[in-house]
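Visitor: Encoded as structure tokens, here's the structure I'll be asking about.
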Amino acid sequence: MNEVMQIKNLIYTIRGHRVMLDSDLAMLYGVETRVLNQAVKRNINRFPANFMFQLSKDEWQNLRSQIVTFSNDIRKYTPYAFTEQGVAMLSSVLRSEKAIQINIQIMNTFVKMRQWAIENKDLANRLAELENYFIEHCKDQEQDMRKLYEAIGLLMDRTKPTKIGF
């Protein structure tokens, strides 16, 4: 799996923001999570609320229940989530060459995801309209609804990029 796909799989949508968790960033940078968080806390004035926030217990439980790899992640505190701007700021806090290279890859991944979303916005809107139409007109026809969801699923699979590359 290339780096962009690996990073893309570590980006979650929480509170309407695309974010990366402290533990995932620490793994990419090759440092312990506590080391990353200590560096951030020493420079907390660089991380306003739109750059970083701590997940609530409910958000963390919800994320853990959705993603199998988090089910064994037991920690004393809930994780910190870093937005794209927060990840960019990390390069000024973690000054290693590896941190710089990883930040470049992460920024490129965020850009590619944003470009893909913009390019496919029209298709997503059309699919939503189609779904709403079927919901309105096929309320009591469960089999038709199943067929619709299968068709939408096939369309969505075809629109997903098989590789986000450069």
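Every number in this text was worked out from the coordinates using simple rules, so none of it is lab data. These numbers were taken from a predicted model, which means no experiment stands behind them. Cβ coordinates were reconstructed from backbone atoms using ideal geometry, including for glycine residues, and neighbour counts include every protein chain displayed.
Visitor: Going by average Cβ neighbours within 10 Å, how do the peptides 30-43, 76-89 rank, with the highest at the top? Can you show the working numbers first?
Guide: Working: 30-43: 15.4, 76-89: 19.0.
Ranking, from highest mean packing down: 76-89, 30-43.
Visitor: Hey, another quick one. Within the set K8/K57; K41/K98; K76/K112; K41/K112; K8/K98, which residue pairs have Cα atoms separated by over 26 Å?
Guide: On the way: K8/K57 24 Å; K41/K98 21 Å; K76/K112 34 Å; K41/K112 30 Å; K8/K98 18 Å.
The pairs that break the limit, which is 26 Å between Cα atoms, are K76/K112; K41/K112.
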